[in-house]
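Below: one structure, written as structure tokens.
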Amino acid sequence: DLAGAIKYNHHDIRNVLERASARETAARVAVGALARQFLEYFGVCFASHVVQIGTVKVTGDVDTGDLDELVKRTEVSPVRCVDPDIEGLMVKDIEAAGQEGDSLGGVAQIIVKGIPAGLGGFSQWDQRLDGRLAASGMSIPSVKGVEIGHGFEFSGHRGSQAQDEIHYEQGRKPEGKAFYRTSNRAGGIEGGISNGEDIVFNLAVKPISTLGKPLRTVDIATKKPSDAMVERADTCVVPAVAVVGEAVAALVLADAFIAKFGGDNMTEIESHYKAYRDRLF
């Protein structure tokens, strides 16, 4: 709020906090739903789940092979967690933080299945698909980090341990996926281009700054020490960020899909898409 007031010379900080509110993501979720329907027509599927809230984490790898089952589970979970036992611990921590006037952050994971190889670009920085997804994720309020695939884990491994070996099988299903990998450490993107594997990325969400027990600040008018004001706020926004993450991913991927297979109507786009799939190795 202060940074925005300084930038635009506002003396009423509410001019900043209202416009900076995460409520703006409602519009992106609505538009993202349309982009998602467009991609679903071509067999693309979306899912998200929460892997961490506060210090409580889902242990082990989550099975993302059956997205329908994953979606079914997360949609009935109050925190979008696939593990019922971990879910209970997350809820307990959220309730405890709320009672203390505090907030909690965490990590949400987005999975997109069915994106064909070839979206994005390697020669122009602004066309790199991983860069565009990272930017869209970072644009969500409270998100302070984006990890694509095993991105952060890569830093502690040798190159031979961090790559996804390439295999080939003629006629492998789904059609057009003769080249394949048995691991997906890259999160479905290599060299700025989708490689045909699932696109997987994590969003690191900070605890929101609106607290029931406010921290110290300075009165903008008197410049004297003061307490930050108290606003109605959620204790933890990580499950909501997971949903927003799906929407912004759909917007980026739909744009990249149209850039690759574009036309003036669905018939043309579908024709270009099928021709591309038919000529793949």
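The values are calculated or read from the model by the stated rules, or taken from the named source; none is laboratory data. Bear in mind that the values here come from a model prediction, so they are computed numbers and not experimental data. Methodologically, a virtual Cβ is constructed for each residue, glycine included, from the backbone with ideal geometry; neighbour enumeration extends over all protein chains shown. These accessible areas exclude ligands, DNA and RNA; they are computed on the full protein's heavy atoms, side chains included. Shrake-Rupley method; radii C 1.70, N 1.55, O 1.52, S 1.80 Å.
Here is how the numbers come out for the structure above:
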| read-out | value |
| --- | --- |
| Label-point separation in nm, Asn15 to Thr182, each point 7 Å along Cα→Cβ | 6.2 nm |
| Gain in span if fully extended, Glu153 to Ile166, counting 0.36 nm per residue against the direct Cα distance | 2.7 nm |
| Listed residues Pro116, Ala247, Ser142: farthest to the positive end of the dipole of the chain (Cβ charges) | Ser142 |
| Residue of Ala135, Ala186, Ala242 that the Gaussian network model of the chain assigns the largest fluctuation, springs spanning Cα pairs under 10 Å | Ala135 |
| ³J(HN,Hα), Karplus 6.51/-1.76/1.60, whole Hz, each residue of the range 241-255, x for Gly, Pro | 4, 4, 5, 4, x, 4, 5, 5, 5, 4, 5, 5, 6, 5, 5 |
| Under 5 Å, built H, 5+ apart or other chain: amide partners of Glu190 | Asn195 |
| Lysines with Cα under 20 Å of Lys113, excluding same-chain neighbours fewer than 8 positions away | Lys72, Lys173, Lys177, Lys260, Lys274 |
| HN-Hα J in Hz across the range 58-69 - Karplus 6.51, -1.76, 1.60, θ = phi - 60°, x for Gly and Pro | 6, 8, x, 7, 8, 6, 9, x, 10, 5, 4, 5 |
| Percent accessible area from carbon and sulfur atoms, the chain, protein chains only, probe 1.4 Å | 53 percent |
| Accessible-area value, Glu231, 1.4 Å probe, nucleic acids and ligands omitted, Å² | 70 Å² |
| Separation of the Ser139 and Glu75 label points, Cα + 7 Å toward Cβ, nm | 2.7 nm |
| Arg279-Ala233 FRET efficiency (beta carbon distance; Förster radius 45 Å; 0.05 resolution) | 0.30 |
| Computed FRET value (nearest 0.05) for Lys223 with Thr59, which takes r as the C-beta separation and R₀ as 51 Å | 0.55 |
| Average accessible surface area per residue within the chain, 1.4 Å rolling probe, Å² | 56 Å² |
